[in-house]
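Notes follow once the structure below has been shown.
Only the coordinates and a few stated rules stand behind these numbers; no lab work does. Quick caveat, the model's predicted, so the values are computed rather than measured. For neighbour counting, all protein chains shown are included, and Cβ atoms are generated from backbone atoms with ideal geometry for every residue, glycine included.
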Amino acid sequence: MSKTETAAELLTFDIDVEEIAGLKTQFDVFRFTKTLVEFYGFRNFMVLNLPPATALGLSGSAIINNWPAELVSLFDREGLIRSSFVVRQLRRSVTPFSFDVERDAETPEMAATFTRFGIVRGACIPVHDPAGARGAVVIGGLGGEPNRQKLMELSFAAIHIFDRLAEIRNMDIRATDLLTDREIDCLTWTAAGKTSAEIADILGLSEHTVNHYLNRAAKKLDTVNRTQAVAKALRIGLIK
């Protein structure tokens, strides 16, 4: 142990690959990631697909994140992606790296913006999904830059987090393809607050048939009841 390392700094997060693989929803992955980054002394994170060169902001590429909404809005509104040293490095390298905005930011304004929101130092981990699509897990806060050991541990977790999010997204897409028009109709009217009896009248079906469609939709969406089915259908854009 060096003189600058404390016992707390040598603690490691118990990264259970099976636990990550068992996460069912994006929100489950969100909670896991939040716990992970807080363990390493950071506060904010963003898991994102690598923005294309034509991207005007980050919001369209973010999968999950807990950045302050004001920061995301400001980043996109001011076109900060064009001068982002983090995005530029992610596009040209597949090697994890740490950052300090006071040292690495292109402009004093960029450094001041992130400092104001408490994202001063952190790490960026390039990742990719099984199809080869590139992305990244970016963490930040007021803590010190992660050392080599922490960066390795964070990289290991990031790979599995991004992979699990890709699997969840693919499951959602398959579920969308499997639902019939009638099942979607029943979910849509349920989301509007209609009862099974009311939906039956609207669609010209029996109440029993409506319940059958809703139960089948819930099963296809891997949810336990119609309330959860509606929530998931809204989240994945199946209904509006």
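Most mobile of L48, L203, L71 per a Gaussian network model of the chain (Cα springs, under 10 Å)?
Maximum among the listed residues: L203.
Would you mind ranking K150, K194 by Cβ crowding within 10 Å, fewest neighbours first?
Exposure proxy ranking, most exposed first: K194, K150.
Pairs of Cα atoms under 8 Å, at least six residues apart: use those to get the relative contact order of the chain, whole percent.
Rounded, it is 16 percent for the chain.
Just order 161-173, 134-146 by mean Cβ neighbour count inside 10 Å, highest at the front, would you?
134-146, 161-173
Of the residues V87, V224, V72, which exhibits the maximal mean-square fluctuation in a Gaussian network model of the chain defined by a 10 Å Cα contact cut-off?
V224
Once you have the Kirkwood Rh of the chain from its Cα pairs, apply Stokes-Einstein at 37 °C and 0.692 mPa s and quote D in µm²/s.
Here the translational diffusion coefficient equals 164 µm²/s.
Counting pairs of Cα atoms in the stretch 179-235, how many percent are more than 19 Å apart?
14 percent
Could you give the angle, 0 to 90 degrees to the nearest 10, between helix 148-178's Cα long axis and the longest principal axis of the Cα atoms of the chain?
Taking the Cα atoms of the chain, the angle to 148-178 is about 20 degrees.
Calculate the FRET efficiency for A53 and R169 from the Cβ-Cβ distance with a Förster distance of 22 Å, rounded to the nearest 0.05.
0.45
From the Cα gyration tensor of the stretch 70-155, with a ≥ b ≥ c the square roots of its eigenvalues, which class applies: rounded if a/c is under 1.5, or else prolate if a/b is larger than b/c, or else oblate?
It is oblate, given that a/c is not under 1.5 and a/b is not larger than b/c.
Against the longest alpha carbon principal axis of the chain, how many degrees, from 0 to 90 and to the nearest 10, is the axis of helix 207-220 turned?
30 degrees
Would you mind counting up the charge near W67? Only other residues with Cβ under 13 Å from its Cβ, with Lys and Arg at +1 and Asp and Glu at -1.
So the surrounding residues net to +1.
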